[in-house]
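S.K.: Here's a structure for you.
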There are 2 protein chains.
Amino acid sequence: MADIAGDARLAVCDLGSNSFRLVVFEAHGARPGTLGAWWRRTDEIYEPVRVGAGMDASGALGEAGMARAIAAAELFAHFTGAVGLARHEVDAVATSAIRDATNSELFLDRARAASGLPIRVLSREQEARYGYLAAVNSSDLGDGAVLDLGGGSMQLVEVRGRRAQTLDSWRLGAVRMTERFLPGGEPPGRKALARLREHVAGTLERAGWLEGAGRLVGIGGTVRNLAAATQRALGLPSFGVQGFLVEREALDELVERLASMSAGERGALPGIKPARGDIILAGAVVVQAVLERTAARGIEATEAGLREGVFFERLLADRPEPLFDDVRRASVMNLAARYDGRPAHTCHVAELALGLFDELASAGLHGGDPAERELLWASAMLHDIGVAIDYDDHHKHSRYLVLNAGLPGFDPRDAALIGQVVRYHRNRKGLPEPGPFGPLLRNGDAAVLDRCAVLLRLAEDLERSRDQIVRGAHAHPGGEGGAVRLELVADVDAPVARWAAARERELFARAFGRDLVVV
Amino acid sequence: MADIAGDARLAVCDLGSNSFRLVVFEAHGARPGTLGAWWRRTDEIYEPVRVGAGMDASGALGEAGMARAIAAAELFAHFTGAVGLARHEVDAVATSAIRDATNSELFLDRARAASGLPIRVLSREQEARYGYLAAVNSSDLGDGAVLDLGGGSMQLVEVRGRRAQTLDSWRLGAVRMTERFLPGGEPPGRKALARLREHVAGTLERAGWLEGAGRLVGIGGTVRNLAAATQRALGLPSFGVQGFLVEREALDELVERLASMSAGERGALPGIKPARGDIILAGAVVVQAVLERTAARGIEATEAGLREGVFFERLLADRPEPLFDDVRRASVMNLAARYDGRPAHTCHVAELALGLFDELASAGLHGGDPAERELLWASAMLHDIGVAIDYDDHHKHSRYLVLNAGLPGFDPRDAALIGQVVRYHRNRKGLPEPGPFGPLLRNGDAAVLDRCAVLLRLAEDLERSRDQIVRGAHAHPGGEGGAVRLELVADVDAPVARWAAARERELFARAFGRDLVVV
């Protein structure tokens, strides 16, 4: 994001079929003495407007829905005025329910007059494109499909080489499908479910390209709730659903469970929000039907959505396409730039750690897996961000920020590993362990954690004086009994760095099966 | 802290008998559009130097200890250079071990020459005074005593009306007492303990004023470790020891336990740091002996120490005495100013919440306890600070910051209550409950939590548009069936504020036993 020119704010008002949301983003340009530009969400107002609920047979918005919608739009306008946003810093977009209503002009005239908001109605293609931008900028999706399920419509986008190919939209939103096929709130009969499935399948016939999609990334509240419910059902530690894969079998089981429940029971299921209990089932069936047509293992959730898509289009406007070059790298740099107060130190620690990683790989002490190298780099860049909370226990605060401020592009296993590496980056604060994240980890991950933690600790030890006097270090595996001799490259003697590094002997032996000698 | 003039940094190098520590503080002056000035610790380097260990019979520092000390001082000098601190921004202070050594001049010459640090040796009175400044600026101590137990010496300060009266220092430090009375590391015999107790009692005879002290506030690593071990032994949730009271009986039990253990076992006791296992017992016996001479219920831990005292002296230099006017208020404003990005909103929410609190108290719906009012104020000022971490779940992040960034002046029960009120300040995010903090709470605290949470929610609802259009609200208890009618004071209609406030009916009924009607 080196190309964020300066500071900027944008309020996106998302006038959706199920809810209205105002979200404020702010971007900060790069400043000298920092790690670069960064952005974040700073504010949000949510109103469960359901403007599309109770449409009459003619397809017109009802008076009650319109009144709720206009009051919410007025609230948003007051808010943007109160926080000092200029007109060009507000983008209000309306989607399916308003776009498709037969009385949409009447509603828009009233809403614009009452609120003064510059509401624009997104075309189906525009709506799909914003969902696509959200998905490819918050995941590492290269080829596959993006599903964006809202209250009124569902968008599907074919993605090849990160670029959108086909963009399409159907009136298959969760509110719409509920009202049409599963009204009432009682557990639906088999027949009603079958009719819904048949309708979705028939509607999707024109999306033949779906069959070739090897990955499916999903956005929207339905997908987020399904992912959260799956995490809970599997007993996984949950710190958000970013990057979580809901596998086919898990989704099938969840749909079966939801179908046996009333709307109230569904809303009480852990992971499902109470206000979504009525529409989650129809939404889940739509997602399931799409997944079945693809070749994907499951659906990957992302927390970004239409609103982020609108923001990314502006944030990355200087590029040929509004895409981050590398989503994971952008996520790490975004968090680091936001919280890190010591860029020279942080970058030097990362360089030292990666240098040791490469030397030990060349020496055959580990496999040199590029994915592991990336986790080490991310951990090094983020190891000290917790100081922004408090110096004491900052290793724990760094983990808290990694897990809670989010790292789009990484899945929960990656985030948990980065979190545990930064948690254990300090000598005297315990030896690495998977802790509560065990259920997310794979075979061999405990060893990854040990290796990354000890290399980060060594780098931190060598950089204790913060002035980069230890410029580098070489690891020679030819010591006595196979010991690894660590040779510091520095212009002056650095006894404290030597003492500190020598304290890592125990963990080094555990990670690499060799003794460590600091020379 | 409105009198912090501008931005400033200070590195305090504390060359103590047990350890050397460098701590960097930074202060930020008030800026327009913020809640005011704030300060924080940004960095720390710890080295377990033990310069005083192995002093010979003549009282001279040993060569090994001096070499470790000089290397650590050089490291500190490199560090201060690396982070760009000017000479006047570094204050290096040496305490008991160096002060009392017969070869202290030799050591100081060497250390100054090698590091260039402007080391000054504190007199006994100066050392005591910095401990006193740390204690009275991090607790609400008005009258009583401050105990500061280090490795070499112990300071006691008599406090009246927050001012220091008697300041005194004794060579009763934990390292010194261990080496003299409890060397070896095995569980000591009764006789050795009795001799240590007798020595301390005899030495303290000249502090006759202690007998009148009704409170005892303790600083230093020994006190912090004793407090942490007590919390663990009692099964209390622990988020630091700030303000925690170790009662006499609990301390007696802990000393008994520690006396039955070897140094290694003591270091493995939850709450005791491994490196302190050898000296914790002697330290505990000294603390116990002081407590026994006072009229206090126990010793109150504070996390501030000598280093904070040195910093406070500079931070508050413009005042007649370097004391915060009101420590709890200063703590709340410090956190709020550091993290809050919406001062007008925050202050208005606090004003609305306190207005409702006062009206409902006048109407006899609750007791109007000033301490509860202060908790409500603190919660209102801090309710949104978690947005600095992430907007999603910011209520939980606000609690994390309250508990982890610290609120000196409040004890753990207060901090837990403030944490739970901010956790539950949002409608749709659950109803208040003590959660894991139950063991810290008193009878009636669940009701305090309900009242504070619902008043904060109502204030937040009325301020949803962020532009203070709802200027105030009146609560009339004379509604139908005793219902409380909430009347909004605003120049324009605010339907969303009304709807939002009406959603608090359930919690309002639970908190005040009355129905709520928003008009």
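The values are calculated or read from the model by the stated rules, or taken from the named source; none is laboratory data. What you are looking at is a predicted structure, and each value in this text was computed from that prediction instead of being measured. Backbone-built Cβ (ideal geometry, glycine too); neighbour counts: all protein chains shown. When the accessible area is computed, the model is the full protein with side chains, heavy atoms only, and any ligands, DNA or RNA have been set aside. Shrake-Rupley method; radii C 1.70, N 1.55, O 1.52, S 1.80 Å.
S.K.: Going residue by residue through the range A:463-481, is there one that turns out to be under 30 Å from B:Tyr339 (Cα atoms), open to solvent by 40 Å² or more (accessible area, probe 1.4 Å) and modelled with pLDDT of 95 or more?
M.R.: no
S.K.: Let me ask another. Has the range A:183-195 got at least one residue that is touching a strand residue (DSSP E or B) at 6+ places or on another chain (Cβ under 9 Å), of a type outside the set (D, E, K, R) and at pLDDT 95 or above? Before the answer, list the steps.
M.R.: Initially, the range A:183-195 is screened for residues touching a strand residue (DSSP E or B) at 6+ places or on another chain (Cβ under 9 Å), giving none.
No, the conditions are met nowhere in the range A:183-195.
S.K.: Helices (runs of 4 or more DSSP H) wholly in the range A:97-187 with at least 3 residues that are surrounded by fewer than 18 Cβ atoms within 10 Å (Cβ to Cβ) - which ones? Full working, then the answer.
M.R.: Details: elements: A:104-115, A:124-136, A:174-181.
In the range A:97-187, A:104-115 are the helices (runs of 4 or more DSSP H) which contain 3 or more residues that are surrounded by fewer than 18 Cβ atoms within 10 Å (Cβ to Cβ).
S.K.: Check whether at least one residue in the range A:460-479 is farther than 30 Å from B:Gly81 by Cα, in contact (Cβ under 8 Å) with a residue 60 or more places away in the chain and in a loop (DSSP other than H, G, I, E, B), and report yes or no.
M.R.: yes
S.K.: Can you tell me which residues in the range B:285-334 are within 14 Å of chain A (Cβ to nearest Cβ) and closer than 17 Å to B:Gly29 by Cβ? Don't jump to the end; show me each part of the working.
M.R.: Let us first name the residues in the range B:285-334 that are within 14 Å of chain A (Cβ to nearest Cβ), namely B:301-305, B:307-308, B:311, B:331, B:334.
Scanning the range B:285-334 gives B:Phe311, B:Asn334.
S.K.: Which residues, taken from the range B:14-60, are touching a Pro at 6+ places or on another chain (Cβ under 9 Å) and in a loop (DSSP other than H, G, I, E, B)?
M.R.: Going residue by residue through the range B:14-60, those that are touching a Pro at 6+ places or on another chain (Cβ under 9 Å) are B:18-20, B:33-36.
Within the range B:14-60, B:Asn18, B:Ser19, B:Gly33, B:Thr34, B:Leu35, B:Gly36 meet the criteria.
S.K.: Please enumerate the residues belonging to the range A:389-404 that are within 9 Å of chain B (Cβ to nearest Cβ), part of a helix (DSSP H, G or I) and surrounded by fewer than 22 Cβ atoms within 10 Å (Cβ to Cβ).
M.R.: A:Lys396, A:Asn404
S.K.: Taking the options B:Ala8, B:Ala37, B:Ala64, name whichever one is surrounded by 20 or more Cβ atoms within 10 Å (Cβ to Cβ) and modelled with pLDDT of 90 or more. Walk me through it before giving the result.
M.R.: Numbers: B:Ala8 fails: surrounded by 20 or more Cβ atoms within 10 Å (Cβ to Cβ); B:Ala64 fails: surrounded by 20 or more Cβ atoms within 10 Å (Cβ to Cβ).
Result of the check over B:Ala8, B:Ala37, B:Ala64: B:Ala37.
S.K.: Starting from residues that are open to solvent by 50 Å² or more (accessible area, probe 1.4 Å) and of a type in the set (Asp, Glu), keep the ones in the range B:482-504 and report whichever is farthest from B:Glu433 (Cα to Cα). Walk me through how you get there before you give the answer.
M.R.: Initial filter on the range B:482-504 (open to solvent by 50 Å² or more (accessible area, probe 1.4 Å)): B:485, B:487, B:491-493, B:498-499, B:503.
This time we only want the ones that are of a type in the set (Asp, Glu), so: B:487, B:491, B:493.
On the way: B:Glu487: 28, B:Asp491: 36, B:Asp493: 34 Å.
By that ranking, first place goes to B:Asp491.
S.K.: I'd like the residue in the range A:440-455 that is surrounded by fewer than 13 Cβ atoms within 10 Å (Cβ to Cβ) and of a type outside the set (S, T, N, Q) and, out of all such residues, is nearest to the other protein chains (Cβ to nearest Cβ). Spell out how you get there, then give the answer.
M.R.: Pass one, the range A:440-455, residues surrounded by fewer than 13 Cβ atoms within 10 Å (Cβ to Cβ): A:442-444.
Subsequent filtering for residues that are of a type outside the set (S, T, N, Q) retains A:442, A:444.
On the way: A:Arg442: 27, A:Gly444: 30 Å.
Among residues in the range A:440-455 that are surrounded by fewer than 13 Cβ atoms within 10 Å (Cβ to Cβ) and of a type outside the set (S, T, N, Q), the one nearest to the other protein chains (Cβ to nearest Cβ) is A:Arg442.
S.K.: Within the bounds of the range A:75-94, is there any residue that is of a type in the set (Asp, Glu), surrounded by fewer than 17 Cβ atoms within 10 Å (Cβ to Cβ) and closer than 23 Å to A:Asp148 by Cβ?
M.R.: no
S.K.: Follow-up question, since we're still on this one. Within the range B:188-199, is even one residue in contact (Cβ under 8 Å) with a residue 40 or more places away in the chain, in a helix (DSSP H, G or I) and not basic (Lys, Arg)? Show your work before the answer.
M.R.: Within the range B:188-199, the first condition is being in contact (Cβ under 8 Å) with a residue 40 or more places away in the chain, and the residues that meet it are B:188, B:193, B:196-197.
Checking which are in a helix (DSSP H, G or I) leaves us with B:193, B:196-197.
Cutting the leftovers down to not basic (Lys, Arg) gives us B:193, B:196.
Scanning the range B:188-199 turns up at least one residue that is in contact (Cβ under 8 Å) with a residue 40 or more places away in the chain, in a helix (DSSP H, G or I) and not basic (Lys, Arg).
S.K.: Condition (residue is more than 36 Å from the chain's Cα centre (by Cα), assigned to a strand (DSSP E or B) and within 28 Å of A:Glu433 (Cα to Cα)) applied to the range A:505-515: is it met by at least one residue?
M.R.: no
S.K.: Next question. Name the residue, out of A:Asp450, A:Asp414, that is within 22 Å of the chain's Cα centre (by Cα) and at pLDDT 95 or above.
M.R.: Answer to the check: A:Asp414.
S.K.: Now for a separate question. Would the range A:222-235 turn up any residue that is modelled with pLDDT of 95 or more and touching an Asp or Glu at 6+ places or on another chain (Cβ under 6 Å)?
M.R.: no
Every residue, every condition in (1) open to solvent by 60 Å² or more (accessible area, probe 1.4 Å); (2) more than 21 Å from the chain's Cα centre (by Cα), yes or no:
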position: B:Val241; (1), (2): no, no
position: B:Val246; (1), (2): no, no
position: B:Glu249; (1), (2): yes, yes
position: B:Glu253; (1), (2): yes, yes
position: B:Leu258; (1), (2): no, yes
position: B:Ala263; (1), (2): no, yes
position: B:Gly277; (1), (2): no, yes
position: B:Ala282; (1), (2): no, yes
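S.K.: Okay, next question. Quick one: is A:Leu407 buried (at least 20 other Cβ atoms within 10 Å of the Cβ) and either in contact (Cβ under 8 Å) with a residue 12 or more places away in the chain or within 14 Å of chain B (Cβ to nearest Cβ) (or both)?
M.R.: Details: buried (at least 20 other Cβ atoms within 10 Å of the Cβ): yes; either in contact (Cβ under 8 Å) with a residue 12 or more places away in the chain or within 14 Å of chain B (Cβ to nearest Cβ) (or both): yes.
Judged against the criteria, A:Leu407 is a match.
S.K.: OK, next. Just the residues that are of a type outside the set (A, V, I, L, M, F, W, C), assigned to a loop (DSSP other than H, G, I, E, B) and buried (at least 24 other Cβ atoms within 10 Å of the Cβ), please, taken from the range A:410-429. Can you show your working first?
M.R.: Taking the range A:410-429 and keeping what is of a type outside the set (A, V, I, L, M, F, W, C), we get A:411-414, A:419-420, A:423-429.
Still in the list and also assigned to a loop (DSSP other than H, G, I, E, B): A:411, A:424-429.
Across the range A:410-429, the qualifying residues are A:Tyr424, A:His425.
S.K.: Just to be sure, is A:Arg373 open to solvent by 20 Å² or more (accessible area, probe 1.4 Å), within 21 Å of A:Phe508 (Cα to Cα), in a helix (DSSP H, G or I) and not small (Gly, Ala, Ser)?
M.R.: Details: open to solvent by 20 Å² or more (accessible area, probe 1.4 Å): yes; within 21 Å of A:Phe508 (Cα to Cα): yes; in a helix (DSSP H, G or I): yes; not small (Gly, Ala, Ser): yes.
In short, yes.
S.K.: Still on this structure, please answer the following. Determine, yes or no, whether B:Met55 is open to solvent by less than 60 Å² (accessible area, probe 1.4 Å), closer than 22 Å to B:Glu127 by Cβ and away from chain A (no Cβ under 14 Å).
M.R.: Details: open to solvent by less than 60 Å² (accessible area, probe 1.4 Å): yes; closer than 22 Å to B:Glu127 by Cβ: yes; away from chain A (no Cβ under 14 Å): yes.
Considered against the rule, which asks whether it is open to solvent by less than 60 Å² (accessible area, probe 1.4 Å), closer than 22 Å to B:Glu127 by Cβ and away from chain A (no Cβ under 14 Å), B:Met55 comes out as yes.
S.K.: Report, by residue number, each residue of the range A:461-488 that is within 11 Å of another protein chain (Cβ to nearest Cβ), more than 18 Å from A:Asp358 (Cα to Cα) and not charged (D, E, K, R). Spell out the reasoning first.
M.R.: We begin by selecting, within the range A:461-488, every residue within 11 Å of another protein chain (Cβ to nearest Cβ); these are A:463-470.
Next, only the ones that are more than 18 Å from A:Asp358 (Cα to Cα) stay: A:463-469.
Hits for the range A:461-488 are A:Ser465, A:Gln468, A:Ile469.
S.K.: Is it true that B:Ala378 is away from every other protein chain (no Cβ under 14 Å) and more than 24 Å from B:Gly36 (Cα to Cα)?
M.R.: Details: away from every other protein chain (no Cβ under 14 Å): yes; more than 24 Å from B:Gly36 (Cα to Cα): no.
Here the answer is no, as B:Ala378 does not meet what is asked.
S.K.: Exactly one condition in (1) in a helix (DSSP H, G or I); (2) of a type outside the set (A, V, I, L, M); (3) open to solvent by 40 Å² or more (accessible area, probe 1.4 Å); (4) within 14 Å of chain B (Cβ to nearest Cβ) is false for A:Pro436; which is it?
M.R.: Going through (1) in a helix (DSSP H, G or I); (2) of a type outside the set (A, V, I, L, M); (3) open to solvent by 40 Å² or more (accessible area, probe 1.4 Å); (4) within 14 Å of chain B (Cβ to nearest Cβ) one by one, A:Pro436 breaks only (4).
S.K.: I would also like to ask the following. For the range B:326-342, which residues satisfy the criterion of being modelled with pLDDT of 95 or more and out of contact with any strand residue (DSSP E or B) (no Cβ under 7 Å at 6 or more places or on another chain)?
M.R.: B:Asp326, B:Val327, B:Arg328, B:Arg329, B:Ala330, B:Ser331, B:Val332, B:Met333, B:Leu335, B:Ala336
S.K.: Sticking with this one: Any chance you could count how many residues in the range A:341-369 are away from every other protein chain (no Cβ under 14 Å) and in a helix (DSSP H, G or I)? Explain how you work it out, then say what you get.
M.R.: Here is the first cut: in the range A:341-369, the ones away from every other protein chain (no Cβ under 14 Å) are A:350-369.
Narrowing the set further to residues that are in a helix (DSSP H, G or I) leaves A:350-362.
Count: 13.
S.K.: Give just the number: which of (1) part of a loop (DSSP other than H, G, I, E, B); (2) in contact with a helix residue (DSSP H, G or I) (Cβ under 9 Å, 6 or more places away or on another chain); (3) surrounded by fewer than 15 Cβ atoms within 10 Å (Cβ to Cβ); (4) not β-branched (Val, Ile, Thr) does A:Gly214 not satisfy?
M.R.: Against the list (1) part of a loop (DSSP other than H, G, I, E, B); (2) in contact with a helix residue (DSSP H, G or I) (Cβ under 9 Å, 6 or more places away or on another chain); (3) surrounded by fewer than 15 Cβ atoms within 10 Å (Cβ to Cβ); (4) not β-branched (Val, Ile, Thr), A:Gly214 comes up short only on (2).
S.K.: Any chance the range B:229-240 includes a residue that's under 20 Å from B:Ala145 (Cβ atoms) and among the aliphatic types (A, V, I, L, M)? Even if it seems obvious, please write down each step before you answer.
M.R.: Step one: of the range B:229-240, the residues under 20 Å from B:Ala145 (Cβ atoms) are B:230.
From what is left, the residues that are among the aliphatic types (A, V, I, L, M) are none.
No, the range B:229-240 contains no residue that is under 20 Å from B:Ala145 (Cβ atoms) and among the aliphatic types (A, V, I, L, M).
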